[in-house]
Amino acid sequence: MKKFEFINHTADIGFVVYGEDLKRLFENAGEAFFTVITDLEKVKRITERRIEIVDKSLERLMVDWLNELLYLHEVENLLFSQFEVTSVSEEGLKARAKGEPFEEGKHPIKTEVKAVTFHQIQVKQEDGVWKAQVILDL
């Protein structure tokens, strides 16, 4: 099963992410998100951040998860390349993200992301596979 694919969106970028369960769906969304930003093969897994989010819907949880990763990227100057979701449900998410601080010359920045939007957000299960659509504001 493919992890994600990019979709065209006027002036923004979007992706559809897949997972055999909700944990994998959110892990793959983290990977897709940072694939937009940088070359993941150049990001070592030496720093870890624990993330906990409480929410009431899977759509809101997906947006808040990716916006939290964006916050850590912008405020702490971190890039992440590995994501481990330990629990996820409509009540919330607990996860770990591993990566390293951005280093000029080592980490190419492909695209700057302003925000993860609620525009056309979808998180659903189809034929036993979880699927989410996310649009990023660039």
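Values quoted throughout were computed directly from the atomic coordinates according to the rules given, and no laboratory measurement underlies them. Because the structure is a prediction, the values reported are computed rather than measured. Backbone-built Cβ (ideal geometry, glycine too); neighbour counts: all protein chains shown.
Points worth noting:
- Between the exposed loop cleavage positions of the chain, defined as GluC sites (Glu not before Pro) in a non-H, G, I, E, B DSSP state with at most 15 neighbouring beta-carbon atoms within 10 angstrom, the longest gap is 21-89.
- Comparing Cα centroids, the stretch 75-138 and the stretch 3-50 end up 5 angstrom apart.
- Once the Cα-Cα distance is subtracted from the 0.36 nm per residue extended length, the GLU20 to GLU126 segment shows a gain of 37.1 nm.
- Normalised by the number of residues in the stretch 25-138, the average gap of Cα pairs under 8 Å and 6 or more apart makes the relative contact order 31 percent.
- Here is the list for the stretch 30-138: chymotrypsin sites (Phe, Trp or Tyr not before Pro) lying in DSSP coil, each with at most 12 other C-beta atoms within 10 angstrom of its C-beta, are PHE118.
- Read-out Kirkwood radius over Cα pairs in Å, derived from the coordinates shown; its label in (i) 15.9; (ii) 14.8; (iii) 17.4: (ii)
- Helix 58-76 and the longest principal axis of the C-alpha atoms of the chain enclose an angle of approximately 10°.
- For the chain, the tally of Lys pairs with Cα-Cα distances below 20 Å comes to 27, considering only residues 8 or more apart or on different chains.
- Each stretch of four or more DSSP H residues adds -39500 (n - 2.57); spread over every residue of the chain, this sum gives -8500 deg cm²/dmol at 222 nm.
- If R0 equals 30 Å, the separation of the Cβ atoms of ALA11 and SER87 corresponds to a calculated FRET efficiency of about 0.25.
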